[in-house]
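The values are calculated or read from the model by the stated rules, or taken from the named source; none is laboratory data. In this text the structure is predicted, and so the values were computed from the model without any measurement. As a convention, Cβ positions derive from the backbone with ideal geometry for all residues, glycine included, and neighbour counts pool all protein chains shown. Heavy atoms of the whole protein, side chains included, go into the accessibility calculation; ligands, DNA and RNA do not. Shrake-Rupley method; radii C 1.70, N 1.55, O 1.52, S 1.80 Å.
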Amino acid sequence: MLRSLASLLFYARFVSSFSALGYRRAARNWDDFRPDFSGQTWLITGATGGIGRAIALTANQHGARVLAVARNGDKLAALKAAAATPKRLVPVCCDLSLMAAIRRLTESPAVSRRPIDVLVNNVGVLLNRHQLTDEGLEMSFATNLLGHFVLTEGLKQMGQLATDGIVINVSSGGMYGMPLKLEPMNCQAAKDFDGMAAYAMHKRAMVELTAWWNQQWQGQPGVQVMHPGWVDTEGVKTSLPGFRRTLKRVLRDAAQGADTVLWLADKRPEASEKGGIWLDRSLQPAHEFSFTRRTTATADSLAEYLADINQALG
Ligand SMILES: NC(=O)c1ccc[n+]([C@@H]2O[C@H](COP(=O)([O-])OP(=O)(O)OC[C@H]3O[C@@H](n4cnc5c(N)ncnc54)[C@H](OP(=O)(O)O)[C@@H]3O)[C@@H](O)[C@H]2O)c1
């Protein structure tokens, strides 16, 4: 009962900005946007789904060579067929919940051929059922957080991220309800699993990691984190059917969800070590409630925690 009330208050607080109404209001002040991504190589994870697909097709349309990563070969083939310039869209099949597969991905000829100018860490899942990967990790933790860490660190260490490039992390407004915590992040027991809380934790962690990478890398490349607002996608349909039923008329379309990623890739605003998260081309605070600032975990301890888990996997 208390939890339903808290969710209701949370959604009521953000509906005017996270919905399509918020997007339309913000877009009234925007200039004409005609990016030119020619000559750039992009790697986009979760590229066949709602937001990732819109990013991949638009980047390709504006000249980028796109490495599109997802699991399903048929969906990847359909994405290539839908591209404005199919020869510049390279389907890459990889299960991003498996760290061994990500390591192979970073070394594959398709990925290592040219430096990556724009890395979009977009893949994300909200699971209502507890599941462990073959590597023994909780599935959403592996997909939403550890996988991004392993991919981004792997590419950086191999010199595969262009120093004047950009990494864009896709988080979620759901993180506003969650402080940074480490212990329950990779939940091992089904009885303790709360899919919504786990998702919010991973998305909060992506905001912290973004500032940490900017500290470590001093803007070479710069790292940004954004959230797309509430977008009508297959992910929402499967994971949040009640939310979708209630808000269907005001959900954003995939192009609206993708807009800020494309804008960040074009404008390259200064990368911040202090935190913050982009929504609708505007930098927003990383915290909306004081309780999410009260945490014993730090970005350093988060990075160490992720590196240790990855190392233990070999
Ligand atoms: N939709 C929203 O309202 C909303 C709100 C806030 C934040 N976000 C965030 O935006 C991002 C995109 O969300 P979306 O709603 O567009 O997602 P979606 O419709 O569920 O699409 C997910 C994509 O990820 C791929 N994928 C899933 N698991 C994978 C895995 N293990 N390995 C490789 N690829 C995998 C899927 O393709 P395959 O199944 O073929 O692999 C698909 O291309 C996510 O990070 C999400 O958390 C979305």
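Scanning the stretch 151-161 for residues that are more than 14 Å from the chain's Cα centre (by Cα) and either open to solvent by less than 30 Å² (accessible area, probe 1.4 Å) or among the hydroxyl-bearing types (Ser, Thr, Tyr) (or both) yields a count of 4.
Restricting attention to the stretch 38-56, the residues that are open to solvent by 30 Å² or more (accessible area, probe 1.4 Å) and more than 9 Å from the ligand (Cβ to nearest atom) add up to 3. GLY229 passes every criterion in (1) away from the ligand (no atom under 16 Å from the Cβ); (2) at positive phi; (3) surrounded by 22 or more Cβ atoms within 10 Å (Cβ to Cβ) apart from (1).
No other residue among ALA142, ALA198 is modelled with pLDDT of 95 or more, open to solvent by less than 20 Å² (accessible area, probe 1.4 Å) and more than 23 Å from LEU279 (Cβ to Cβ) apart from ALA142.
For beta carbons closer than 8 Å, sequence separation of 6+ or different chains, a first residue in the stretch 242-262 that is more than 11 Å from GLY229 (Cβ to Cβ) and open to solvent by 50 Å² or more (accessible area, probe 1.4 Å) and a second that is assigned to a helix (DSSP H, G or I) and away from the ligand (no atom under 12 Å from the Cβ), the qualifying pairs are ALA255/THR58.
For the stretch 81-124, filtered to residues that are charged (D, E, K, R) and more than 9 Å from the ligand (Cβ to nearest atom), the residue that is farthest from LYS156 (Cα to Cα) is LYS87.
With respect to (1) touching a Lys or Arg at 6+ places or on another chain (Cβ under 9 Å); (2) modelled with pLDDT under 95; (3) part of a helix (DSSP H, G or I); (4) not β-branched (Val, Ile, Thr), the lone exception for LYS181 is condition (3).
Return yes or no: is VAL223 within 12 Å of the ligand (Cβ to nearest atom), within 26 Å of PRO285 (Cβ to Cβ) and buried (at least 18 other Cβ atoms within 10 Å of the Cβ)? Taking the combined requirement at face value, the residue does not satisfy it.
Within the stretch 8-36, the set of residues being surrounded by fewer than 16 Cβ atoms within 10 Å (Cβ to Cβ) and in contact with a Gly (Cβ under 9 Å, 6 or more places away or on another chain) comprises VAL15, SER16, ASP36.
No other residue among ALA162, ALA198, ALA211, ALA255 is within 14 Å of the ligand (Cβ to nearest atom), under 30 Å from GLN40 (Cα atoms) and of a type in the set (Gly, Ala, Ser) apart from ALA255.
Residue count for the stretch 76-135 under the criterion of being open to solvent by 40 Å² or more (accessible area, probe 1.4 Å) and either part of a helix (DSSP H, G or I) or aromatic (Phe, Trp, Tyr) (or both): the result is 13. Going through (1) within 15 Å of the ligand (Cβ to nearest atom); (2) under 21 Å from TRP212 (Cβ atoms); (3) without any contact (Cβ under 8 Å) to a residue 40 or more places away in the chain one by one, GLN157 falls short only on (1).
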